[in-house]
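The values are calculated or read from the model by the stated rules, or taken from the named source; none is laboratory data. It should be emphasised that the depicted structure is a prediction, and the values quoted were computed from it without experimental measurement. Quick reminder, even Gly has a Cβ in these numbers, built from the backbone with ideal geometry, and neighbours come from all protein chains shown.
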Amino acid sequence: MSSLPATTSEFPVRVFGGPTALFEYGGLRFLTDPTFDGPGDYGRPGRPVLTKTAPSTGAPADLGRIDVVLLSHDEHADNLDTSGRALLTGVPLTLTTRGGSERLGESLGEKATSLADWESIELDRPDGGTVTVTGVPAIHGPGPREEVEPVTGEVVGFVLSGEGLPTVYVSGDNASLDAVREIADRFAPIGTAFLFAGAPRFPVLFDNRPIVLDSAQAAEAARILGAGRVVPVHYDSWAHFTEGRDDLVAAFTTAGLADRLDWGRRN
């Protein structure tokens, strides 16, 4: 089994590029939005072409046991690609959107489960007790959900909690600070926040405004959540991401939060 590195904070994290991160929590191993395909152009007819610019820093074979995949959405290749779909077949549980669970259920059956906003599922920990995973709001673009979802689709975020464990937030492809405030009202302070960022933009969508948090918004999200540690993901390896690591460092430095950043191991 692949081992994870020790970190300076509560539990180990490994980041693979794009939105994909592996972490151990409550004795369970969680993977976010699996994307391991090589560089190239991806997309479906009628959708903008997505260009992957760099390989992942690992492969599915490197991961070891995965207990749960936290899949923010299944409709975009930069969040779930061909190798990611293959990986799901060997994972006991994939948590995702309602529509995603229906589509993936054709191949995964009951291993694909949806979480609506504020809906929770209890997962048994190997050494006793449970981890609670709660679905939380995420809006994949600027504006109200009813205007955004017909364009970019349904997305879900996740909050993880358990007795004696720090609270964890996985944002998914969210562009709404209002959604972050709702989550903070229920769960802050957050121990570790996996914040999807990168300010992805498309000229044909929403007047080229970001459809996921930009760097300044990510820093503001960390402040709102009272996050003790922030693991940025979804900021590199794709051409439509318009802000990268340097932008995140600058924004968190300006906000006085640079010491919260944890980049995970990238090799």
Only listed residue being part of a loop (DSSP other than H, G, I, E, B), closer than 20 Å to residue 245 by Cα, aliphatic (A, V, I, L, M) and over 9 Å from the mean Cα position of the chain (by Cα), chosen from 193, 199
199
If you take the residues in region 44-63 that are assigned to a loop (DSSP other than H, G, I, E, B) and either acidic (Asp, Glu) or under 27 Å from residue 150 (Cα atoms) (or both), which one is modelled with the highest pLDDT?
49
Which one of 41, 74, 78, 67 is among the charged types (D, E, K, R), at pLDDT below 95 and under 16 Å from residue 91 (Cα atoms)?
74
Select from region 209-231 the residues that are in contact (Cβ under 8 Å) with a residue 60 or more places away in the chain and closer than 23 Å to residue 166 by Cβ and write down the one among them that is surrounded by the most Cβ atoms within 10 Å (Cβ to Cβ).
231
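Rundown of residues vs (1) touching a residue at least 60 places away in the same chain (Cβ under 8 Å); (2) surrounded by fewer than 16 Cβ atoms within 10 Å (Cβ to Cβ); (3) not in a helix (DSSP H, G or I), yes/no style:
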residue	(1), (2), (3)
95	yes, no, yes
101	no, no, no
104	no, no, no
107	no, yes, no
110	no, yes, no
Do the conditions hold for residue 151, that is, is it within 17 Å of residue 74 (Cβ to Cβ), over 18 Å from the mean Cα position of the chain (by Cα) and either in contact (Cβ under 8 Å) with a residue 40 or more places away in the chain or not in a loop (DSSP other than H, G, I, E, B) (or both)?
yes
For region 238-259, which positions are crowded, with 18+ Cβ neighbours inside 10 Å and in contact with a Lys or Arg (Cβ under 6 Å, 6 or more places away or on another chain)?
238
